[in-house]
Amino acid sequence: MRLAGTLRALPVMLRVGFADAVAYRAELLVWVLSTTMPLIMLALWSAVARDGPLGRFGQAEFTAYFLATFIVRQVTGSWISWQMNYEIRRGTLSMRLLRPVHPLVAYGVESLGVLPLRVVVSLPVAAIVLAVVGSGMLPRGPGMWALCGAALAGSWLLTFLVSFGIGSLAFYLESSVKVMEVWLALFFVFSGYLVPIELFPPALRTVADALPFRYQIGLPVELLTSAHGWPEALALVGRQWLFVAGAAGAALLVWNGGLKRFAAFGG
Amino acid sequence: MISVRDLCKHYRVHRRPPGLRAAARSIFRRPHVTVRAVDGVSFEVSPGERVGFLGPNGAGKTTTLKVLSGLLHPTSGEVRVAGHEPRRRDEAFLKQITLVMGQKQQLLWDLPPAETFELNRAIYGVGRDDFRRTMDELGDFLELGDLPFKPTRQLSLGERMKCELAAALVHRPRVLFLDEPTIGLDVSMQAAVRSFVKRYNEHSGATIVLTSHYMHDVAALCPRVVVIDRGRLSYDGGLEALVRRMRPERRLVLHLERPVDRVDLEKLGKVVALERAEAVLQVHQEVLQSTVSRALATLPVRDLTVENAPLEEVMSELFSRSRADLAAAEQAP
């Protein structure tokens, strides 16, 4: 579908995606409860920091870090690889392929359709951050806020494209779920989701810097909690977008190759 | 409108016997076999034609339909639909076709069908006025009533199929691929779907390619049939001609005033069925007229009709003949 056509269809696609996301109220509640890992880590690390700060992290810093992690995870998460795995295996991807809109766009819009709901869940958490730690740790100036926006956008794109690429592996592997589980295991360790990257031993930190996981969660959280000055922040966001470009190329390569192998079984 | 030349679609399939040992062995070694789902099929379909694609389960009908609609990449051969190469899935191509599968759905499960209609309107770039006109027309043809506003998951199978058809036609495609659209529907809903498809074809001039295991669908909708078995074409032509070729005999259905002896009936032709005062005779076309006269003269006939052999029987015979021909060809030196 040409870009103009896609843009014209976008508002309806987003609205329908949102309507689909809020179809089940009970499921919604369970979903909110299932994304509270950063809050558990907050309780854990706050207890550790009670005896004294770890690096620059005292109790207030941990509170800001993990509540920001909660928010970033909410607004940048994408879980389409499971859906793609199911649709490719069961052949229901066929219905998506018949429409004149690239499935990458369709899956992307479906992921974004849930965003308003996640923002609503995140707002009270953001209010708590402000109430507990004040505005002292927030980014200063519109430039830094814009960089935070770019990092959040990059984080969502990177997470979505990785999910799309791994989902597309179902064309080759019959099931890509285990690959996603391996990715998630590495993500939990190296993204800063459970432990701030700053607290890693130097060698492990070098490894984390070179991997994409940090740019999915750690970087936007660090920027939102003013952990970096301008030059470093710019370099890190630049590196994040390089990962985004790489992930886009790899995801489309896997998708295009896989589509030729699609057997559309089950119908 | 559709042109297919030497189409082949082969799959590589992992084959594994049942049992623990086979399961363990499959971790290290996976034997594969090549399945020739479609093997050198050629045919043409003109604009506005209604063609029935027939064959037993696993014959390659659905695979062919999926290649024609761009879902599958052919292994070899040439395919053109509405001037496009389907496997490229160009926007212009996708806007001219639709595929309705009786066993798959495009309707959003948790939302009312009206949401899918609106989504398709936006994706296919249909103007609001055109959309309203099309939906009014489809609502009329399909007697949708307030079905589009109930959640899809709460619709019956037949109601859902009506909405599936409406969703698939929002963009007024020029080519409709229908893969078993009446599967699982009750008799009256099957009739409703058949009548809609025929009306739509006559009204819009759209080309229709249909697969179905229900011979009523084929008889009601398709003047021409393409029969495929084990991936190969075994017949392409008129349905009437196929029936005449396979079964040159006609069926004489006699409703009698009172039961008669089988011997009296056998003098007229082969007795296919005899139950109380109703008999079915099979007679050759050339002697049909004289047999009818003799029946009227010698039997207490209350009513008499002449029919073709049931399509199910014709198809079953065609499939078994083509399989026998294939087996013979494979054994030939």
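The values are calculated or read from the model by the stated rules, or taken from the named source; none is laboratory data. In this text the structure is predicted, and so the values were computed from the model without any measurement. Every residue, glycine among them, receives a Cβ derived from its backbone with ideal geometry; neighbour counts consider all protein chains shown.
Data for the structure
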{"read-out": "Unique match (being touching a Gly at 6+ places or on another chain (Cβ under 7 Å) and surrounded by fewer than 21 Cβ atoms within 10 Å (Cβ to Cβ)) among B:246, B:215, B:189", "value": "B:189"}
{"read-out": "Qualifying residue in region A:148-159 (condition: buried (at least 18 other Cβ atoms within 10 Å of the Cβ) and assigned to a loop (DSSP other than H, G, I, E, B))", "value": "no"}
{"read-out": "Residue in region A:22-40 that is farthest from the other protein chains (Cβ to nearest Cβ), counting only those that are under 19 Å from residue A:83 (Cα atoms) and more than 17 Å from the chain's Cα centre (by Cα)", "value": "A:30"}
{"read-out": "Matching residues in region B:255-306 - criterion: being under 26 Å from residue B:245 (Cα atoms) and either in contact (Cβ under 8 Å) with a residue 40 or more places away in the chain or touching a Phe, Trp or Tyr at 6+ places or on another chain (Cβ under 9 Å) (or both)", "value": "B:285, B:292, B:295, B:304, B:305, B:306"}
{"read-out": "Unique match (being among the hydrophobic types (A, V, I, L, M, F, W, C), more than 14 Å from chain A (Cβ to nearest Cβ), crowded, with 18+ Cβ neighbours inside 10 Å and touching an Asp or Glu at 6+ places or on another chain (Cβ under 9 Å)) among B:107, B:147, B:138", "value": "B:147"}
{"read-out": "Selection from region A:126-147 of residues that are surrounded by fewer than 17 Cβ atoms within 10 Å (Cβ to Cβ) and assigned to a helix (DSSP H, G or I)", "value": "A:126, A:127, A:128, A:130, A:131, A:132, A:141, A:142, A:143, A:145, A:146"}
{"read-out": "Flag if residue A:55 is more than 10 Å from every other protein chain (Cβ to nearest Cβ) and at positive phi", "value": "yes"}
{"read-out": "Of the criteria (1) touching a helix residue (DSSP H, G or I) at 6+ places or on another chain (Cβ under 9 Å); (2) in a helix (DSSP H, G or I); (3) surrounded by fewer than 22 Cβ atoms within 10 Å (Cβ to Cβ), which one residue A:235 fails", "value": "(1)"}
{"read-out": "Options B:236, B:261; residue that is under 26 Å from residue B:8 (Cα atoms) and surrounded by fewer than 21 Cβ atoms within 10 Å (Cβ to Cβ)", "value": "B:236"}
{"read-out": "Of all residues in region B:73-101 being within 8 Å of another protein chain (Cβ to nearest Cβ) and either touching a strand residue (DSSP E or B) at 6+ places or on another chain (Cβ under 6 Å) or charged (D, E, K, R) (or both), the one that is nearest to residue B:161 (Cα to Cα)", "value": "B:101"}
{"read-out": "Test for residue A:10: is it within 14 Å of chain B (Cβ to nearest Cβ) and either more than 23 Å from the chain's Cα centre (by Cα) or within 22 Å of residue A:134 (Cα to Cα) (or both)", "value": "no"}
{"read-out": "Subset tally (residues that are assigned to a helix (DSSP H, G or I), of a type in the set (Asp, Glu) and closer than 16 Å to residue B:310 by Cβ) for region B:244-295", "value": "0"}
{"read-out": "Which listed residue, of B:186, B:236, is modelled with pLDDT under 85, of a type in the set (Asp, Glu), assigned by TED's automatic domain parsing to the domain that holds residue B:60 and over 30 Å from residue B:287 (Cβ atoms)", "value": "B:186"}
{"read-out": "Count of residues meeting criterion [of a type in the set (A, V, I, L, M) and either in a loop (DSSP other than H, G, I, E, B) or not assigned by TED's automatic domain parsing to the domain that holds residue B:100 (or both)] in region B:202-233", "value": "1"}
{"read-out": "Yes/no for residue B:61 being more than 7 Å from chain A (Cβ to nearest Cβ), among the charged types (D, E, K, R) and buried (at least 23 other Cβ atoms within 10 Å of the Cβ)", "value": "yes"}
{"read-out": "Given (1) surrounded by 12 or more Cβ atoms within 10 Å (Cβ to Cβ); (2) under 21 Å from residue A:263 (Cα atoms), number of the condition residue B:43 does not satisfy", "value": "(2)"}
{"read-out": "Single unsatisfied condition, residue A:114 versus (1) modelled with pLDDT of 90 or more; (2) closer than 23 Å to residue A:212 by Cβ; (3) not basic (Lys, Arg)", "value": "(1)"}
{"read-out": "Residue identified as away from chain A (no Cβ under 13 Å), more than 22 Å from residue B:186 (Cβ to Cβ) and more than 26 Å from the chain's Cα centre (by Cα) among B:121, B:132, B:172", "value": "B:132"}
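Here's the yes/no breakdown for (1) polar (S, T, N, Q); (2) buried (at least 18 other Cβ atoms within 10 Å of the Cβ):
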| position | (1), (2) |
| --- | --- |
| B:70 | no, yes |
| B:75 | yes, no |
| B:81 | no, yes |
| B:87 | no, no |
| B:92 | no, no |
| B:98 | yes, yes |
| B:112 | no, yes |
| B:116 | yes, yes |
